[in-house]
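I have placed the structure first, in the form of structure tokens, so that the comments after it can refer back to it.
The values are calculated or read from the model by the stated rules, or taken from the named source; none is laboratory data. From a predicted model like this one, the values you see are computed outputs, not experimental measurements. Positions of Cβ are backbone-derived with ideal geometry, glycine not excepted, and every protein chain shown enters the neighbour counts. With ligands, DNA and RNA removed, areas are computed over all heavy atoms of the protein, side chains included. Shrake-Rupley method; radii C 1.70, N 1.55, O 1.52, S 1.80 Å.
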Amino acid sequence: MKTVAVLGATGSIGASALDVIARHPDRFRVGALSAHRNVEALAALCRRFAPDLAVIADASLESALRDRLRDARVATRVASGAAALIEAASGPHCDTVIAAIVGAAGLESTLAAARAGKRLLLANKEAVVMAGPLLRAALDAGGGALLPIDSEHNAVFQCLPAEHSGLDAAGVRRILLTASGGPFRGRTRAELGAVTPAMACAHPNWRMGRKISVDSATLMNKGLEVIEAHFLFGAPAERIDVVVHPQSIVHSMVEYEDGSVLAQLGNPDMRTALAHALAWPERVAAGVAPLDLLRIARLDFEAPDRATFACLDLAYGALAAAGNAPIVLNASNEEAVAAFLDARLPFLAIPHVIEKTLENTPSAGVDSLAGVIDSDLTARRVAQRMIASAKD
Ligand code: NDP
């Protein structure tokens, strides 16, 4: 029996994770759940899964959560704030942590889970982008395993040998990350001038949270994933390629020296990756419909349009620049996406804000959590200035 903490339980990944967990009460138990502000949804999940600990990150809502659970017949302890999130990630309530908080807000709990030696099921890609080397050090110190949840990285993990000491030793030539191309694949720059948040969030293949949906529409999601693949698999940037594959059936591929290309296929449903990582090295049912290749009939592949979707190359550039550049990239992207979702910034200004923030934030080496947080805050201040001037 594994005891699981689902951090970001009220989100899209949280819902998929809890769906898989609920299918296997003989294998998995929910030890802790967290949300940011969605008290109603968190209270409902507490009634259903009876975790030992429920954390509402916004401390002003702790009493509201307590009130909603007063008459519930569950012995769930309610806590709030950053320290409680770290407790949920690293304390005795779990042996497995699903890191599914969106954005930099998930960084400290992700690191805490790694340091505590939990089995870390990682969806929160922004944490890896911001602090890849620190996360690796925390995993080494804690001695736990990391299982990627991002469908592309989960696919790469499945296509690599179970045990290997680096890509060269395993005979790997390249990692090929697939990208759906998002809702605006094939559009010209001129056609993207007036797109709205609702249009950007209408992904053709996946139902996801709003931030990652916009990232998919700009191709920044793929850029973040290139950096994530670099840190998770020890691959240099020149050995990570991006292939647009509109059907989202091939979730990614690994090319070997002998010319073999191994791919992982499946319907676009995050429950496959979650079930894989939850049960690994075993396999369990995920509730996902079987893949009907005859109905799909064809799989297409094309090159990304790097000129129209400039975020992809901004991410490659930040990876090459190293130091604080991936942190600045991530922070400015979070600020620009939030501004776009608030109708404070046009879609096409997102890459512009990121590029200007990278140019205007002094580069620095970063080797501590304090350094990461400092770089993140500095970049957000610069990005806010760029957003304000982009509107003028
Ligand atoms: P959602 O927006 O659907 O959910 C985000 C979750 O994080 C919610 O539980 C939310 O709580 C919580 N949260 C938001 N802000 C904070 C905060 N400041 N402090 C603490 N908790 C917070 O996101 P997704 O589920 O789509 O994505 C989660 C992560 O997984 C992201 O990093 C994303 O890139 C990654 N991912 C997602 C995929 C998907 O299919 N959705 C696929 C691959 C990766 P509340 O509900 O209270 O706001």
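In the set Arg344, Arg298, Arg306, which member is closer than 26 Å to Asp269 by Cβ, open to solvent by 30 Å² or more (accessible area, probe 1.4 Å) and over 20 Å from the mean Cα position of the chain (by Cα)?
Arg298
Any chance you could count how many residues in region 94-112 are within 14 Å of the ligand (Cβ to nearest atom) and either small (Gly, Ala, Ser) or part of a loop (DSSP other than H, G, I, E, B) (or both)?
Counting residues in region 94-112 that are within 14 Å of the ligand (Cβ to nearest atom) and either small (Gly, Ala, Ser) or part of a loop (DSSP other than H, G, I, E, B) (or both) gives 10.
In the set Ala54, Ala50, Ala44, Ala64, which member is of a type in the set (A, V, I, L, M, F, W, C) and crowded, with 22+ Cβ neighbours inside 10 Å?
Just a single option satisfies the conditions, and that option is Ala54.
Cβ contacts < 8 Å: first residue among the hydroxyl-bearing types (Ser, Thr, Tyr), restricted to region 13-37; second residue modelled with pLDDT under 95, any location; separation 6+ or different chain. Result?
Final answer for the pair search is none.
Hey, among Val74, Val129, Val30, Val102, which residue is touching a Cys at 6+ places or on another chain (Cβ under 9 Å) and at pLDDT 95 or above?
Among Val74, Val129, Val30, Val102, only Val30 is touching a Cys at 6+ places or on another chain (Cβ under 9 Å) and at pLDDT 95 or above.
I need every pair where a residue in region 230-241 that is closer than 10 Å to Ile175 by Cα has its Cβ under 9 Å from the Cβ of a residue that is of a type in the set (Asp, Glu) and part of a helix (DSSP H, G or I), sequence separation at least 6 or different chains.
Listed by first residue and then by second, the contacts come to Ile240/Glu225.
Across region 277-290, which residue is nearest to Leu219 (Cα to Cα) among those that are open to solvent by less than 60 Å² (accessible area, probe 1.4 Å), aliphatic (A, V, I, L, M) and assigned to a loop (DSSP other than H, G, I, E, B)?
Val288
How about region 130-145: which of its residues are under 22 Å from Ser16 (Cβ atoms) and within 14 Å of the ligand (Cβ to nearest atom)?
Once the filter is applied, which keeps residues that are under 22 Å from Ser16 (Cβ atoms) and within 14 Å of the ligand (Cβ to nearest atom), region 130-145 yields nothing.
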